[in-house]
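Input: a single structure, listed below in structure tokens.
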Amino acid sequence: MNWDAGKQGTPRDMTTEMTPLWKPSAERIADANITRFIDFVNRERGAGLTDYDSLFDWSVTELESFWDAVWDFTGIIGEKGDTILKDGDKMPGAAFFPDAKVNFAENLLRRRDNSDAIVFWGEDKVKRRMSFSQLYDEVSKFAQALKAEGVGPGDRVAAFMPNMPETIVATLATASLGAVWSSCSPDFGIRGVLDRFGQIEPTVFVAVEGYYYGGKSFDTLDKITGILAELPTVKKTVIVPYTRDEPPIGDIKGGVSYADFTGAFEAGEISFTQMGFNEPLYIMFSSGTTGVPKCIVHGIGGTLLQHLKEHQLHSDVKKDDRIFYFTTCGWMMWNWLISGLASEATLLLYDGNPFHPDGNILFDYADAEKMTLFGTSAKYIDALNKSGLLPKETHDLSTVRAMTSTGSPLVPEGFDYVYRSIKSDIQLSSISGGTDIVSCFVLGNPVGPVWRGEIQTRGLGLAVNVFDDDGKPVVGEKGELVCTRPFPCMPIMFWNDPDGAKYRSAYFESYENIWCHGDYVELTPRGGMVIYGRSDAVLNPGGVRIGTAEIYRQVEKLPEVLEGLVIGQDWDDDVRVVLFIRVAEGMTLDDALIKKIKDTVRKGASPRHVPAKIIEVADIPRTKSGKIVELAVRNVVHGRPVKNVEALANPEALSLFGNRPELAD
């Protein structure tokens with residue numbers, strides 16, 4: 001069987017749902033970027049495409065033609081070179097546009113008028129905006145200041161920053177010089193920061209003096225001092241004001257205020273250093289819950305090309321759109337968001353608690369700033385649903401065309417809530433990929449329908465398939481998410497991995513020359529995708545593989561349950577399913593609720609899915625980006641150590657799972 005052919009194994013004539021939740025209008029289809037792209041490749045390359053399905057098939061069989069067309073259609077600034085793909089039969093080892101020269105910042109700073117480039121809300125405390133012209137000038141000054149500190153191609157600039165305009169300024173200034181950017185959010189502890197930045201040896205450190213969360217301010221200066229004590233390579237520390245105008249920074253090693261750092265320089269034309277397509281842009285980090293975080297290095301051109309494709313073709317982002325993603329600078333969705341500048345869109349930034357003070361602030365933001373793309377997480381949508389908020393009744397939201405959800409699988413009831421209580425005429429795109437590719441494997445299709453509980457499509461140019469236990473492609477069955485051909489946004493390397501052993505181990509040990517992503521999924525007959533959880537968290541009672549999301553989908557639709565976490569506990573030479581839950585306010589886990597949960601799981605999934613034990617806990621541990629940590633809890637339950645608890649937002653919650661008497665029988 002030809003695993004690379006897009007048509008193989010993807011018949012779309014069978015459905016389990018009779019009616020989609022949403023379909024684009026004829027006018028919307030005609031106006032979509034993806035419709036223009038189909039016309040473009042038919043005209044310029046004689047592709048003969050008729051619809052999205054034929055475009056997808058062409059994009060994964062004619063890789064070179066597709067990515068060449070994306071470069072031209074999105075108007076990438078740079079020298080393309082003559083070769084589109086070198087060593088295309090090797091994974092890892094393939095190289096896209098090996099002769100190209102490009103600068104990431106130049107592409108994001110192509111617009112220089114007085115329209116909004118960035119709007120920023122820091123909860124209800126701070127509101128600011130910055131025009132494209134002002135952004136260019138700020139980047140110009142910051143880049144000159146970095147250059148005066150000796151920063152050049154390949155040097156690392158690290159940031160301990162919130163999602164605010166100065167973070168984007170510093171990122172683009174770093175990229176303009178061909179240097180490498182890495183960031184995390186200021187809620188990280190000292191050890192969590194050092195586990196990341198200590199590996200990459202930055203020379204300049206950009207840090208905020210404090211931040212707001214839940215209406216309170218948090219001082220970070222002591223943490224900054226502690227971090228710098230173990231980062232000997234840092235020569236200059238730029239302190240950005242946020243909660244106060246003149247923080248006391250006299251004791252900060254190499255400390256200088258943002259204003260003083262850039263104040264000696266006049267804004268002018270930026271001299272963008274032209275870099276190779278596959279030279280480093282970002283160093284990002286794995287969650288670190290199973291050991292010291294892996295340092296994943298993403299390339300300049302691959303990141304730019306992939307983000308432009310995802311924004312313009314899959315998210316229908318156009319010039320003057322106003323795009324938002326609720327994210328911190330420690331999550332790859334922040335990197336994804338800021339690339340929206342390359343499509344000449346306005347970025348709407350928010351930092352803080354999305355439910356402060358009353359749960360409405362993000363919808364207030366959407367109305368006030370005429371948001372067009374509302375990006376969030378499945379956990380946020382679930383929390384909205386359980387809170388009883390009805391934005392459809394309290395807000396206008398007429399400008400919002402699309403909503404994206406990621407971080408964890410969006411349950412079918414989450415789809416229902418969005419269309420019932422937020423907006424009926426909206427493209428709801430559940431999306432999934434990760435830090436590993438700084439983008440998505442599966443995501444939205446603006447010209448296709450939305451089906452309940454299903455991600456719309458596989459990414460164009462990504463030969464995504466699902467393999468069964470025998471390594472054969474399957475449709476309508478659960479298996480491993482794989483990508484059988486190379487793609488531009490594969491990491492260019494792992495930091496401090498000179499022979500590439502860590503890189504190969506992460507993605508290429510399961511199948512030779514094929515990327516294995518570690519997600520347990522199902523490709524539906526109509527070409528969509530359902531995510532059942534991470535492969536390493538799959539439960540295996542009685543030898544039957546069960547994705548954790550299959551249980552969450554049943555349990556978390558109950559109003560009595562706020563959220564759950566499920567693991568497999570080794571028991572009697574087998575594995576039994578153990579479910580931990582947080583109950584809603586005023587509820588307790590009694591026999592009646594236990595029976596209701598088990599009946600719901602049995603009816604909605606199968607008897608095999610029914611937990612053997614259901615245990616109430618006060619909190620559930622999660623990463624800084626909000627993902628629950630099943631593997632860490634499993635280790636605690638089995639008395640095994642948990643590495644790098646600094647990676648967790650609430651590490652104290654792990655203590656709730658150890659030595660539970662309920663698990664002794």
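The values are calculated or read from the model by the stated rules, or taken from the named source; none is laboratory data. Given the structure is predicted, the values throughout are model-derived calculations rather than measurements. Cβ placement follows ideal geometry from the backbone for every residue including glycine, while neighbour counts extend to all protein chains displayed. Ligands, DNA and RNA are stripped out before the accessible areas are found, and what is left, the full protein with its side chains, is counted by its heavy atoms. Shrake-Rupley method; radii C 1.70, N 1.55, O 1.52, S 1.80 Å.
Label separation (Arg43 vs Asp416): 4.6 nm, computed from points 7 Å beyond Cα along the C-beta direction. Pairs with C-alpha atoms separated by more than 20 Å, drawn from the list Lys90/Lys502; Lys80/Lys309; Lys127/Lys379; Lys125/Lys236; Lys603/Lys627, are Lys127/Lys379; Lys125/Lys236; Lys603/Lys627. Overall, the chain carries a charge dipole of about 360 debye about its Cα centre when +1 sits on the Cβ of Lys and Arg and -1 on the Cβ of Asp and Glu, all other atoms neutral. Based on the Cβ-Cβ distance from Gln274 to Asn513, what FRET efficiency comes out when R0 is 30 Å, to the nearest 0.05? That gives a FRET efficiency of 0.40. Return the whole-Å distance between the Cα centroid of the stretch 324-365 and the Cα centroid of the stretch 584-598. Result: 36 Å between the Cα centres. Note on Tyr258: accessible area is roughly 30 Å² with a 1.4 Å probe, heavy atoms of protein only. Placing +1 on each Lys and Arg Cβ and -1 on each Asp and Glu Cβ, with no other charges, gives the stretch 183-333 a dipole about its Cα centre of roughly 380 debye. Bridging of Lys596 to aspartates and glutamates at a Cα separation below 16 Å is possible for Glu556, Glu560, Glu563, Glu616, once same-chain residues fewer than 8 apart are set aside. Counting 0.36 nm for each residue step from Asn659 to Asp469 and taking away their Cα separation leaves a gain of 64.9 nm.
Short-range pairs are left out: with C-alpha atoms under 8 Å and at least six residues apart, the relative contact order of the chain is 14 percent. Distance between the 7 Å Cα→Cβ label points at Glu652 and Glu477: 4.9 nm.
Across the stretch 510-583, the mean sequence separation of Cα contacts (distance under 8 Å, 6 or more residues apart), normalised by length, yields a relative contact order of 20 percent.
Tell me, what is the FRET efficiency for Thr61 and Asp89 to the nearest 0.05, using R0 = 22 angstrom and their Cβ-Cβ distance as r? E between Thr61 and Asp89, to the nearest 0.05, is 0.95. For the stretch 517-558, list residues with backbone N below 17 Å from a point placed 7 Å from the Cα of Lys603 toward its Cβ? Under cut-off, by backbone N: 551-558. For the stretch 582-663, rounded, prolate or oblate, judged on the Cα gyration tensor with a ≥ b ≥ c (square roots of eigenvalues), a/c < 1.5 rounded, else prolate if a/b > b/c? It comes out prolate by the Cα gyration axes. Between Lys319 and Arg640, residue separation times 0.36 nm minus the direct Cα-Cα distance comes to 110.4 nm.
When only alpha carbons are used to place a centre, the stretch 145-163 and the stretch 215-256 end up 15 Å from one another. Multiplying the residue separation of Arg128 and Thr394 by 0.36 nm and subtracting their alpha-carbon distance yields 93.3 nm. Please name which of Val474, Val450, Ala366 has its Cα lying farthest along the dipole of the stretch 365-505 towards the positive end, using unit charges on Cβ (Lys, Arg +1; Asp, Glu -1) and the Cα centre as origin. It is Ala366, whose Cα lies furthest towards the positive end. With the simple spin-label model, which puts each label point 7 Å out from Cα in the Cβ direction, the Asp536 to Glu79 separation comes to 4.2 nm. Packing, as the average of other Cβ atoms within 10 Å across residues, places the peptides 537-544, 165-172 in the order 165-172, 537-544, highest first.
The overall shape of the stretch 524-617, judged from the alpha-carbon gyration tensor, is oblate: a/c is not under 1.5, and a/b is no greater than b/c.
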